[in-house]
């Protein structure tokens, strides 16, 4: 599932670009519909601005999210925020659903409580093994099946019932993750501020903004931003900035066939030696060794 390439491709739906703006807002399909077309293997890619929820109800799958690989047997669930590099290899017996959506399609209007839960749900990727005897699986499977039926009706993608069903699926998943302590309930106002920080970080980490600039943009002092990040994530704002840069370095070393020095330059490091020290501090090994361990060779 690791193929050297010059860039990690980004799609609206795997293998195709977005021509229909409505398709970017909400889409659901059976796992077989696309994976069978690609010999049951979905190569590494991202979805910018789009979230994905994948439910495996039968069969098995090998899942790679950034630089972490998981082998799953049904039932299993994967939640993928925008920009997450992911790849799948499915068995031919795999059955399930893939829900792709833009957040603005589901969190608009007066659903403030849902919006807060939704942001917590997709703060980071989740790959979860589920219990087939648990009623949770049956609930979301039934909703996704109904959503699939409604979506593929004539003009179904435009029908509000599809948005209601998709919102119901995510609400139930969010409650399950709270129960599992995979995410914790947060104070709504503080959580929204932290979410704004994460959005700014995603937009500007390649520019190496200092923490003071993030704080200033948010209308906070640097110390207040650090306290906020500590409460929400257990890490300082500086640590989160460094982690995001290190994550991007791991992604590119794993998926992009490019010399290490060029990756360092694209990540804003003028000195490749400094980049190597930075990477080793975060990954525990130098960039070249990390690349060898994760199966991608440079040119």
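A few notes on this one:
- Euclidean distance between Cα centres, the range 87-102 to the range 218-245, Å: 35
- Between residue 62 and residue 131, residue separation times 0.36 nm minus the direct Cα-Cα distance comes to 23.0 nm.
- Stretch gain in nm, segment residue 242-residue 138, where the contour uses 0.36 nm per residue and the Cα spacing is subtracted: 33.4 nm
- With a simple spin-label model that places each label point 7 Å from the Cα along the Cα-to-Cβ direction, the separation between residue 178 and residue 265 comes to 5.0 nm.
- For peptides 252-258, 145-151, sequence by mean Cβ density within 10 Å, most packed first: 252-258, 145-151
- The range 143-165 and the range 249-299 have their alpha-carbon centroids 43 Å apart.
- Potential lengthening between residue 158 and residue 288 on full extension [0.36 nm per residue; Cα-Cα distance subtracted]: 41.9 nm
- FRET efficiency, 1/(1 + (r/R0)^6) with R0 51 Å, evaluated for residue 216 and residue 257 via beta carbons: 0.85
- Peptides ranked, highest mean first, by Cβ atoms within 10 Å: ranges 277-286, 28-37: 28-37, 277-286
Laboratory data are not the source of any read-out in this text; all were calculated from the coordinates shown. Computed from a predicted structure; not experimentally measured. Neighbour counts run over all protein chains shown; Cβ positions are idealised from the backbone, glycine included.
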